Each structure stands twice: as structure tokens, then as C-alpha cells.
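Coordinate-derived values only; no laboratory data. The shown structure was predicted, so the numbers you read here are calculated from the model rather than taken from an experiment. Don't worry about glycine lacking a Cβ; one is built from the backbone with ideal geometry, like all the others, and counts go over all protein chains shown.
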Amino acid sequence: MKIFLADTEATLRLGIILGESLTPGSVILLEGDLGAGKTTLVQGIGKGLGITEPIVSPTFTLINEYTEGRIPLYHLDLYRLELQEVAALNLESYWEGVEFIPGIVAVEWAKRMPYKPDSYLSVSLIYEQEGTRQAEIIPFNCAIGEVIAAI
């Protein structure tokens, strides 16, 4: 499904809708060029989860954990990592709910992942002219598909 996003606020609103709708264990794999709105979307997800702490890109920290909302949000950024470095992170521990409290896992630059979970939401953001964006959302074995269809 493709969604036109008129501005940054629309990207934030889409994130809020997702944050209000997603359930523990949901994984969002984010793609898009620098400045396409990946972090803005995650900020909206945080708002939808009731997180008041500022959500910032984890480009240098790799993983930011926000636990104060309705459910935890785990925000990962793989931009600076090589494939073998990503594999060593054991990302599945975030969505399997064994080592961490189940929450929402949002992964920026997900194409660097050597493996994907069984179920996820793929969001590709494309920056267009004059600040507009387009989001392509594909639910892969994901229960959130009905919510996306309603947007």
C-alpha cells in the first residue's frame, strides 16, 4: 500500500496511528534515504505509545530503548554497521521476547539485516519534491495489515 505524506506532520501522524495500533512483538523494518523521515515516523510511533521522552536517532548508539509507554519501543539504526556486525547484535532477542520485554522494534536501514523475523511491517519512505513523502507499507505475515488498509 502506498500512502502520500504531504509533510513532516503527516509522517508523524502515520507513526502515531501505528503506535496506537501495534501490539507487543511487532517489528517495523524501515528503509529510505537520509532525510526521508524514518526517525520522524519512529517519533510518531513513540507518541502513539505514550512515550514523552524525546526520541532521537540511534545512529551512534545503535539501539535506544524507551520503556515508559504503553509498551516498550526499541529503536535500532544499522546505518554505520557491516553485515557481520549486525549479525553479532542478536537482533532476534528484541522480537522474540526472551531477553527483553516484548515491545515494538523499529529498525532503520533494515536492508543491512542478514535475517528478518517471521512477521514484520516493511515501511519504505521516499522523499519527493517540496517536502512531500511517499510511504510504501507492506505487512509480511503481520496482523497490522487491517490497520494499514484502514489508513
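Condition first: buried (at least 16 other Cβ atoms within 10 Å of the Cβ) and β-branched (V, I, T). Now tell me which residues in the stretch 9-56 satisfy that.
Of everything in the stretch 9-56, those that are buried (at least 16 other Cβ atoms within 10 Å of the Cβ) and β-branched (V, I, T) turn out to be T11, I16, I17, V27, I28, T39, T40, V42, I45, I51, I55.
Looking only at the stretch 60-81, count every residue that is free of Cβ contacts under 8 Å to residues at least 24 places away in the same chain, among the hydroxyl-bearing types (S, T, Y) and part of a loop (DSSP other than H, G, I, E, B) and tell me the total.
Summing the residues that are free of Cβ contacts under 8 Å to residues at least 24 places away in the same chain, among the hydroxyl-bearing types (S, T, Y) and part of a loop (DSSP other than H, G, I, E, B) in the stretch 60-81 gives 1.
Within the stretch 97-136, count every residue that is polar (S, T, N, Q), part of a loop (DSSP other than H, G, I, E, B) and more than 17 Å from the chain's Cα centre (by Cα).
1
How many residues, within the stretch 1-34, are under 12 Å from the mean Cα position of the chain (by Cα) and in a strand (DSSP E or B)?
Number of matching residues: 5.
Do we have E53 as part of a loop (DSSP other than H, G, I, E, B), charged (D, E, K, R) and either at positive phi or touching a strand residue (DSSP E or B) at 6+ places or on another chain (Cβ under 7 Å) (or both) here?
Yes, satisfied.
Sort out which residues of the stretch 111-121 are closer than 13 Å to S26 by Cβ and either without any contact (Cβ under 8 Å) to a residue 12 or more places away in the chain or out of contact with any Cys (no Cβ under 9 Å at 6 or more places or on another chain) (or both), and write them in order of number.
Within the stretch 111-121, P117, D118 meet the criteria.
So if I check each of E92, E136, E108, E130, which one is without any contact (Cβ under 8 Å) to a residue 60 or more places away in the chain and more than 19 Å from E9 (Cβ to Cβ)?
E92
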